[in-house]
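Q: First the structure, then my questions, so here it is.
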Amino acid sequence: MIPLKKGVNLSSRKITHKLRGDTRKFGRRATGSTATSTNVNRAGWPIPKPLEMQLPSVATLGIEFLPLGFQPWVLDASELMQSSVDAIGVSAMVALAGVVNRRARIQPKALDSTWTVVPNLYGAAVMEPGQMKTPILNRMTRPLFKIEAGLMKENGRAMAEYLSDVREAKENGDPPPEKPVQQRLVTNDATFEKIQEIVADNPSGLTMVRDELTGWLSALKQKGRENERAFFNTAWDGDSPYTIDRIGRGSVIVPHLCLTVLGTIQPKRLRAYMSGEDGVPLPEDGLLQRFQMMVWPHQRPFRYVDGEPNASAAHQAERIFWTLADLDPKSPMVFRFCPDAQALFVDWIERLHRKVRSAEIPPHLSEHLSKYKSLMPTLSLLLQLADLAADYDRSGRPIWEALTGDTFVGFVGSEGRTVTLENAKKAIAWCDYLETHARRIYSLIDKQDQLVAKSLSKKLLARELPDSFTPRQVVQKGWRQLTSTEAVKSACKLLTDAGWIRETIKQPAKKGGRPSVRYHINPQIYEEPSPTKPT
């Protein structure tokens with residue numbers, strides 16, 4: 001008899017097997033168990049291994065990657081919220097892109113003026129529930145919403161003047177005045193049709209901030225939403241025209257469609273989106289690959305911290321946003337690399353093209369990395385603009401009065417139109433860092449068999465299958481991810497390797513036919529603690 005610890009009661013979960021005339025009881029293994037050193041118990045079953053999907057490791061964002069004017073602000077937020085610098089720093093940079101948009105651009109090649117890049121970004125932070133996703137978004141986009149509040153006040157004053165002019169024109173018999181354009185910078189939730197109208201009236205672009213992006217992405221996967229996906233694919237470029245013609249609504253013409261997108265995603269929902277667990281396969285139109293600033297950082301150990309926010313750091317960062325928001329989108333500034341930075345860019349982009357054309361990189365990841373050819377110039381320009389805006393602030397210009405009528409005509413000096421070698425190096429460091437996160441995210445596609453095996457393991461633990469089953473029985477259940485015999489067999493192979501089940505093959509009778517495959521469940525998977533750890 002296997003000795004048990006005092007107080008352990010196995011009566012509710014003991015399993016009785018008949019083996020060689022003996023009755024043996026199997027429950028939770030206790031101290032002093034007589035299991036053999038080969039990890040095989042007396043019933044001939046191996047001890048099941050945990051089903052844990054190992055994700056590729058990722059790099060940590062260095063605070064030195066950020067503009068100098070942002071570093072105290074990001075560090076303060078990271079400390080007070082006890083969240084990783086990664087999600088906060090990425091949100092800050094995407095918010096910066098949202099305030100610049102079409103107000104500036106960069107010409108990556110020294111001579112070819114036909115290729116210019118608008119510093120627009122799509123970004124997201126992949127984080128578990130309870131990791132301060134919403135507070136991070138709110139804090140890093142606060143400067144945008146403050147600018148938006150100022151614009152709304154201006155819109156109110158302009159509309160009041162317009163209505164007064166309309167009344168006066170009516171009394172005098174004059175033609176009505178032109179209705180003022182409603183200036184906008186950011187939105188949280190707007191329909192596809194409303195976004196079209198807003199960006200048509202705002203040539204600088206618009207920023208969309210969504211707390212949970214997977215709901216939006218999943219909705220765009222549905223049949224009949226292809227036009228919307230095409231719209232958001234075009235908006236990422238920031239420089240392409242877009243025209244919508246509808247009966248009843250007329251034509252909405254956007255000369256240069258530009259939209260910045262920032263949000264958060266839960267890992268579980270991202271897996272469902274990428275693996276097709278939500279019932280719709282991942283579209284092949286490249287929308288996900290446009291989220292170049294998507295990161296999936298390691299969790300930071302929590303430590304209780306209480307203190308006054310660094311108001312000076314927040315004020316410094318906000319002044320940068322206000323300065324750049326005052327750039328004129330009708331006459332965008334054009335930057336180039338300085339000579340040393342240009343040589344660095346040429347070397348980097350040649351290495352990038354060799355990498356994405358390598359057969360060693362999966363197609364989805366290759367398509368993602370190929371879009372870095374615009375990411376590196378974009379980040380270089382944003383870093384340069386943030387540094388210049390901080391310097392310009394120190395000249396004494398009343399930044400907080402930027403919306404009172406003063407028009408900012410650009411930075412003074414020829415040095416303001418080139419990107420330094422230092423910022424070009426920072427941008428390359430950003431690309432290297434983001435690539436590690438892209439590899440983790442796209443590994444969800446490469447690990448499809450593991451995801452399916454995980455799904456089947458949950459059904460086994462819930463005892464939704466008999467102790468002995470066939471692949472056909474699983475398919476007939478109609479469970480997500482387990483709707484084809486091939487998928488079920490692949491999952492069963494992994495579960496067999498992990499010792500959860502074992503396969504038996506019954507040869508056909510002499511009259512012919514195919515061998516029949518049946519799987520038997522290892523009874524030890526029902527013991528506590530469970531050999532699986534949901535991820």
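Q: Residue under question is Thr141, and the condition is that it be under 25 Å from Gly62 (Cα atoms), at pLDDT 95 or above and either surrounded by fewer than 18 Cβ atoms within 10 Å (Cβ to Cβ) or hydroxyl-bearing (Ser, Thr, Tyr) (or both); does it hold?
A: yes
Q: Please state which of the following conditions Pro177 fails to meet, knowing it meets all the rest: (1) free of Cβ contacts under 8 Å to residues at least 40 places away in the same chain; (2) assigned to a helix (DSSP H, G or I).
A: It fails just one condition, (2).
Q: A follow-up question, please. Search the range 402-438 for residues being of a type in the set (D, E, K, R) and at pLDDT 95 or above, and hand back the single one that is surrounded by the most Cβ atoms within 10 Å (Cβ to Cβ).
A: Step one: filter the range 402-438 for residues of a type in the set (D, E, K, R), giving 406, 415, 417, 422, 425-426, 432, 435.
Within this subset, residues satisfying the condition of being at pLDDT 95 or above are 422, 425-426, 432, 435.
On the way: Glu422: 15, Lys425: 16, Lys426: 20, Asp432: 11, Glu435: 18.
Once the filter is applied, the top-ranked residue is Lys426.
Q: For the range 461-515, which residues satisfy the criterion of being loosely packed, with under 13 Cβ neighbours inside 10 Å and in contact with a strand residue (DSSP E or B) (Cβ under 6 Å, 6 or more places away or on another chain)?
A: Asp467, Ser468, Thr504, Ile505, Lys506, Pro515
Q: If Gln183 meets every condition in (1) over 28 Å from Ala125 (Cα atoms); (2) modelled with pLDDT of 90 or more; (3) part of a helix (DSSP H, G or I) apart from one, which number is that one?
A: It fails just one condition, (3).
Q: Now, a different point. Only residues that are surrounded by 14 or more Cβ atoms within 10 Å (Cβ to Cβ) and within 19 Å of the chain's Cα centre (by Cα): list them for the range 216-227, please. Please lay out each step first, then the result.
A: Start the filter on the range 216-227 by keeping residues that are surrounded by 14 or more Cβ atoms within 10 Å (Cβ to Cβ), which leaves 216-218, 220-221, 225.
Listed by number, the residues that qualify are Trp216, Leu217, Ser218, Leu220, Lys221.
Q: Suppose we filter the range 432-460 for residues that are farther than 30 Å from Pro297 by Cβ and in contact (Cβ under 8 Å) with a residue 40 or more places away in the chain; how many remain?
A: The total comes to 1.
Q: Which one of these is crowded, with 17+ Cβ neighbours inside 10 Å and more than 22 Å from Cys258 (Cα to Cα): Val118, Val85?
A: Numbers: Val118 fails: more than 22 Å from Cys258 (Cα to Cα).
Among Val118, Val85, only Val85 is crowded, with 17+ Cβ neighbours inside 10 Å and more than 22 Å from Cys258 (Cα to Cα).
Q: Please tell me if Ala341 is within 12 Å of Pro108 (Cβ to Cβ) and surrounded by 20 or more Cβ atoms within 10 Å (Cβ to Cβ). If you could, list the steps in order and put the result at the bottom.
A: Details: within 12 Å of Pro108 (Cβ to Cβ): yes; surrounded by 20 or more Cβ atoms within 10 Å (Cβ to Cβ): yes.
So Ala341 passes the test.
Q: What are the residue pairs meeting all of these: first residue in the range 479-497, first residue more than 14 Å from Val517 (Cβ to Cβ), second residue surrounded by fewer than 18 Cβ atoms within 10 Å (Cβ to Cβ) and modelled with pLDDT of 90 or more, Cβ atoms under 7 Å, and 6 or more apart or on different chains?
A: Matching pairs, first to second residue: Trp479/Lys459; Leu482/Val475; Thr483/Val475; Ser484/Val475.
Q: OK, next. Return a yes/no flag: does the range 65-79 have any residue that is out of contact with any strand residue (DSSP E or B) (no Cβ under 8 Å at 6 or more places or on another chain), of a type in the set (Asp, Glu), in the same structural domain as Tyr304 (by TED's automatic domain parsing) and in contact (Cβ under 8 Å) with a residue 40 or more places away in the chain.
A: Filtering the range 65-79 down to residues out of contact with any strand residue (DSSP E or B) (no Cβ under 8 Å at 6 or more places or on another chain) leaves 65-79.
Then drop every residue that is not of a type in the set (Asp, Glu), which leaves 76, 79.
If we keep only those that are in the same structural domain as Tyr304 (by TED's automatic domain parsing) as well, we get 76, 79.
Next, from what is left, pick out any that are in contact (Cβ under 8 Å) with a residue 40 or more places away in the chain: 76, 79.
Yes, the range 65-79 contains at least one residue that is out of contact with any strand residue (DSSP E or B) (no Cβ under 8 Å at 6 or more places or on another chain), of a type in the set (Asp, Glu), in the same structural domain as Tyr304 (by TED's automatic domain parsing) and in contact (Cβ under 8 Å) with a residue 40 or more places away in the chain.
Q: Right, here's the next one. Pairs needed: first member in the range 289-317, in the same structural domain as Leu369 (by TED's automatic domain parsing); second member anywhere, basic (Lys, Arg); C-beta distance under 7 Å; at least 6 residues apart or different chains.
A: Gln289/Lys371; Arg290/Lys371; Gln292/Lys371; Trp296/Arg440
Q: Suppose the filter is surrounded by 13 or more Cβ atoms within 10 Å (Cβ to Cβ), in contact with a strand residue (DSSP E or B) (Cβ under 7 Å, 6 or more places away or on another chain) and either aliphatic (A, V, I, L, M) or part of a helix (DSSP H, G or I) (or both); does Ala235 pass it? It would help to see each step written out before you state the result.
A: Numbers: surrounded by 13 or more Cβ atoms within 10 Å (Cβ to Cβ): yes; in contact with a strand residue (DSSP E or B) (Cβ under 7 Å, 6 or more places away or on another chain): yes; either aliphatic (A, V, I, L, M) or part of a helix (DSSP H, G or I) (or both): yes.
The answer is yes for Ala235.
Q: Looking at the range 191-207, is at least one residue touching a helix residue (DSSP H, G or I) at 6+ places or on another chain (Cβ under 8 Å) and free of Cβ contacts under 8 Å to residues at least 40 places away in the same chain?
A: Checking the range 191-207: at least one residue is touching a helix residue (DSSP H, G or I) at 6+ places or on another chain (Cβ under 8 Å) and free of Cβ contacts under 8 Å to residues at least 40 places away in the same chain.
Q: Kindly check whether there is at least one residue in the range 142-149 that is in a helix (DSSP H, G or I), among the β-branched types (Val, Ile, Thr) and in contact (Cβ under 8 Å) with a residue 60 or more places away in the chain. So that I can check it myself, show each step before the final result.
A: If we filter the range 142-149 for residues that are in a helix (DSSP H, G or I), which is where we start, we get 142-149.
Keeping just the survivors that are among the β-branched types (Val, Ile, Thr) gives 147.
Subset that is in contact (Cβ under 8 Å) with a residue 60 or more places away in the chain: 147.
For the range 142-149, residues in a helix (DSSP H, G or I), among the β-branched types (Val, Ile, Thr) and in contact (Cβ under 8 Å) with a residue 60 or more places away in the chain: present.
Q: Assess whether Asp328 counts as being over 27 Å from the mean Cα position of the chain (by Cα) and in contact (Cβ under 8 Å) with a residue 60 or more places away in the chain. Spell out how you get there, then give the answer.
A: Working: over 27 Å from the mean Cα position of the chain (by Cα): yes; in contact (Cβ under 8 Å) with a residue 60 or more places away in the chain: yes.
Here the answer is yes, as Asp328 does meet what is asked.
To keep it simple, each residue is scored yes or no on (1) at pLDDT below 95; (2) closer than 13 Å to Tyr433 by Cβ; (3) hydrophobic (A, V, I, L, M, F, W, C); (4) surrounded by fewer than 21 Cβ atoms within 10 Å (Cβ to Cβ).
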position: Leu61; (1), (2), (3), (4): no, yes, yes, no
position: Ala95; (1), (2), (3), (4): no, no, yes, no
position: Gly98; (1), (2), (3), (4): no, no, no, no
position: Pro108; (1), (2), (3), (4): no, no, no, no
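Q: Of all residues in the range 308-333, how many are part of a helix (DSSP H, G or I), hydrophobic (A, V, I, L, M, F, W, C) and surrounded by fewer than 20 Cβ atoms within 10 Å (Cβ to Cβ)? Steps first, answer last, please.
A: In the first step, residues of the range 308-333 are kept if they are part of a helix (DSSP H, G or I); the result is 311-325.
From what's left, hydrophobic (A, V, I, L, M, F, W, C): 311, 313-314, 317, 320-322, 324-325.
Imposing the further condition that a residue be surrounded by fewer than 20 Cβ atoms within 10 Å (Cβ to Cβ) reduces the set to 311, 313-314.
Number of matching residues: 3.
Q: So which pairs qualify, if the first residue must be in the range 381-397 and under 16 Å from Ala313 (Cβ atoms) and among the charged types (D, E, K, R), the second must be at pLDDT below 85 and in a helix (DSSP H, G or I), the Cβ gap must be under 7 Å, and the two must be at least 6 apart or on different chains?
A: Filtered contacts from the range 381-397: Asp393/Ile399.
Q: Under 20 Å from Asn423 (Cβ atoms), free of Cβ contacts under 8 Å to residues at least 60 places away in the same chain, hydrophobic (A, V, I, L, M, F, W, C) and assigned by TED's automatic domain parsing to the domain that holds Gly238 - does that describe any residue in the range 112-123?
A: As a first pass, look at the range 112-123 and keep what is under 20 Å from Asn423 (Cβ atoms): 115-121, 123.
Within this subset, residues satisfying the condition of being free of Cβ contacts under 8 Å to residues at least 60 places away in the same chain are 115.
This time we only want the ones that are hydrophobic (A, V, I, L, M, F, W, C), so: 115.
Checking the rest, the ones that are also assigned by TED's automatic domain parsing to the domain that holds Gly238 come to 115.
Yes: the range 112-123 contains one or more residues that are under 20 Å from Asn423 (Cβ atoms), free of Cβ contacts under 8 Å to residues at least 60 places away in the same chain, hydrophobic (A, V, I, L, M, F, W, C) and assigned by TED's automatic domain parsing to the domain that holds Gly238.
The values are calculated or read from the model by the stated rules, or taken from the named source; none is laboratory data. Here the structure is a predicted model, which means the values were calculated and not measured. When we count neighbours, we look across all protein chains shown, and the Cβ atoms used for this are built from the backbone with ideal geometry, even at glycine.
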